[in-house]
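Okay, so here's the structure we're looking at.
We did not get these values from a lab; they are worked out from the coordinates using the rules stated. In this text the structure is predicted, and so the values were computed from the model without any measurement. Every residue, glycine as well, gets a Cβ built from its backbone with ideal geometry; the counts of neighbours run over all protein chains shown.
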Amino acid sequence: MDVTDELADAFVDASRALVGLAVHSVGAAPTEVTVAQFRLLVLVAGAGERTVGDIAEHLGVNHSNASRHCDRLERLGLLARRRSRSDGRVVRVRLTEAGADVVDQVTRARRADVRRVLARMSPEEAAGALAALRAFGRAAGELDEPQWTVHAW
């Protein structure tokens with residue numbers, strides 16, 4: 001097994017743990033949302049206003065699937081939609097204040113869960129994990145949390 005395979009296996013193992021933490025933290029939301037719906041909220045929080053097509057493409061789902069998620073999140077008051085001013089056929093989606101609150105609460109819960117796991121690591125292990133995860137996040141194109149914004153119309 002080469003280093004890339006070992007690294008892939010280690011990230012898959014870590015991802016299972018992180019998925020468990022993600023599922024647990026989504027339970028902290030004041031409104032019931034799925035992990036996929038939370039991911040959509042994070043996407044919109046980070047990118048601001050998006051089209052449903054952009055959301056579908058980024059999440060790797062079909063347009064109707066993304067639209068259904070947006071429908072539910074809009075009914076819950078977590079997303080708002082409007083027609084584009086420049087092209088009336090295009091519907092744009094943005095996070096509401098309630099949606100931003102969900103993102104904030106789940107993120108705080110997730111951070112607390114992760115901190116409990118990190119407390120079990122030595123300082124050397126933690127430093128190595130920090131470097132590896134930052135590099136992986138950059139390579140995956142993930143936004144740092146401070147880059148998340150809520151854009152009003």
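Structure above, values below:
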{"quantity": "Fully extended contour minus Cα-Cα distance, from R68 to D101, at 0.36 nm per residue", "calculated": "9.7 nm"}
{"quantity": "Computed lengthening from R116 to R138, 0.36 nm per intervening residue step minus Cα-Cα distance", "calculated": "5.5 nm"}
{"quantity": "Dipole magnitude of the chain about its Cα centre (Cβ charges: Lys, Arg +1; Asp, Glu -1), debye to nearest 20", "calculated": "840"}
{"quantity": "Selected from V61, V117, A127, residue furthest toward positive end of dipole (the chain; charges at beta carbon)", "calculated": "V61"}
{"quantity": "Distance between modelled label sites at A28 and S15, nm, 7 Å Cα→Cβ extension", "calculated": "2.4"}
{"quantity": "Order of M121, M1 under a 10 Å beta carbon neighbour criterion, fewest first", "calculated": "M1, M121"}
{"quantity": "Over region 1-122 - Rg/Rh using Cα atoms and the Kirkwood inverse-distance radius", "calculated": "1.07"}
{"quantity": "By average C-beta atoms within 10 angstrom, highest first, the peptides 78-91, 126-139", "calculated": "78-91, 126-139"}
{"quantity": "Radius, Kirkwood style, for region 69-113 when every pair of distinct Cα atoms is counted (Å)", "calculated": "11.7"}
{"quantity": "Pairwise FRET efficiency - R83 versus E57, Cβ, R0 = 25 Å, nearest 0.05", "calculated": "0.80"}
